[in-house]
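Asker: If you scroll down you'll find the structure; I have some questions about it.
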Amino acid sequence: MKCPKCQTDNDRVVDSRTTSDGSAIRRRRQCQACKHRFTTFERVERGPLKVIKKDGTREPYDRQKIKQGLEKACWKRPISDQQIEAVVAAVEERLEDLGEKEVESRQIGELVMEQLRELDQVAYVRFASVYRQFQDAHDFFSELKPMLLSLRRGMS
């Protein structure tokens, strides 16, 4: 593994532990040349998954796209990086369970929203507004209505 600071390919593992959801191994490494410490993650490599976009084009699955979308939706919310990683891992696990070589981007978006709905309602609405391309306040209200009704039932 190359050091991100000096690019030397000589490090040692200082600490290893599994992530909280068990989907990866977190390794703390130290460069033998400059003594810089950095973290790497080791995950099971899954078979190549293709994503079918709305326009019908296909592209390789990229977990970073999901993570970036979640980070935008969770901006300034009380949500940790570990919680975001857990959402990504849960989505990937569900995709793996499907056992398909190709999956529609719509399915991925729905899986992300399902996870976000449980994690943080504001982040959920932010993500949904971009994912579903809300055009006006009516679109927001339509998405919020089921949540508001469940809150109302919970207060009764």
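Asker: Go through segment 102-111 residue by residue and tally those that are more than 11 Å from the chain's Cα centre (by Cα) and either part of a helix (DSSP H, G or I) or surrounded by 18 or more Cβ atoms within 10 Å (Cβ to Cβ) (or both).
Answerer: Residues flagged as more than 11 Å from the chain's Cα centre (by Cα) and either part of a helix (DSSP H, G or I) or surrounded by 18 or more Cβ atoms within 10 Å (Cβ to Cβ) (or both) within segment 102-111 amount to 4.
Asker: Please work out which one of (1) over 23 Å from PHE127 (Cβ atoms); (2) touching a Phe, Trp or Tyr at 6+ places or on another chain (Cβ under 9 Å); (3) surrounded by 14 or more Cβ atoms within 10 Å (Cβ to Cβ); (4) at pLDDT below 95 is the condition THR19 fails and give its number.
Answerer: (1)
Asker: I would also like to ask the following. Does segment 50-57 contain at least one residue that is in the same structural domain as LEU119 (by TED's automatic domain parsing) and in contact with a Lys or Arg (Cβ under 6 Å, 6 or more places away or on another chain)?
Answerer: Yes, segment 50-57 has at least one match.
Asker: Tell me whether segment 1-13 contains one or more residues that are within 29 Å of GLU92 (Cα to Cα) and in contact with a His (Cβ under 7 Å, 6 or more places away or on another chain).
Answerer: Yes, segment 1-13 contains a residue that is within 29 Å of GLU92 (Cα to Cα) and in contact with a His (Cβ under 7 Å, 6 or more places away or on another chain).
Asker: Starting from residues that are surrounded by 12 or more Cβ atoms within 10 Å (Cβ to Cβ) and not hydrophobic (A, V, I, L, M, F, W, C), keep the ones in segment 73-101 and report whichever is nearest to THR18 (Cα to Cα).
Answerer: GLU85
Asker: Which of the residues that make up segment 117-156 are of a type in the set (D, E, K, R), over 25 Å from the mean Cα position of the chain (by Cα) and part of a helix (DSSP H, G or I)?
Answerer: The answer is LYS145, ARG152, ARG153.
Asker: Among residues belonging to segment 42-78 that are of a type in the set (A, V, I, L, M, F, W, C) and over 12 Å from the mean Cα position of the chain (by Cα), point out the one that is modelled with the lowest pLDDT.
Answerer: VAL44
Asker: Here is a check on your reading of the model: is GLU114 closer than 23 Å to LYS50 by Cα, at pLDDT 90 or above and in a helix (DSSP H, G or I)?
Answerer: Answer is yes for this residue.
Asker: Something else: Is at least one residue of segment 76-85 without any contact (Cβ under 8 Å) to a residue 40 or more places away in the chain and either in the same structural domain as ARG12 (by TED's automatic domain parsing) or outside any helix (DSSP H, G or I) (or both)?
Answerer: Yes, the conditions are met somewhere in segment 76-85.
Asker: Would segment 123-140 turn up any residue that is at pLDDT 85 or above and touching a strand residue (DSSP E or B) at 6+ places or on another chain (Cβ under 9 Å)?
Answerer: Within segment 123-140 (the criterion being at pLDDT 85 or above and touching a strand residue (DSSP E or B) at 6+ places or on another chain (Cβ under 9 Å)), the answer is no, since none of the residues qualifies.
Asker: Same structure, new question: ILE66 - would you say it is within 30 Å of ASP15 (Cβ to Cβ), in contact with a helix residue (DSSP H, G or I) (Cβ under 7 Å, 6 or more places away or on another chain) and not in a loop (DSSP other than H, G, I, E, B)?
Answerer: Criteria met by ILE66.
Asker: Please enumerate the residues belonging to segment 19-40 that are farther than 16 Å from ASP81 by Cβ and either of a type in the set (Val, Ile, Thr) or touching a helix residue (DSSP H, G or I) at 6+ places or on another chain (Cβ under 6 Å) (or both).
Answerer: Once the filter is applied, which keeps residues that are farther than 16 Å from ASP81 by Cβ and either of a type in the set (Val, Ile, Thr) or touching a helix residue (DSSP H, G or I) at 6+ places or on another chain (Cβ under 6 Å) (or both), segment 19-40 yields only ILE25.
The values are calculated or read from the model by the stated rules, or taken from the named source; none is laboratory data. Predicted model only: the values in this text are computed from it and were never measured. Please note: Cβ atoms are built from the backbone with ideal geometry, for glycine as well, and neighbour counts cover all protein chains shown.
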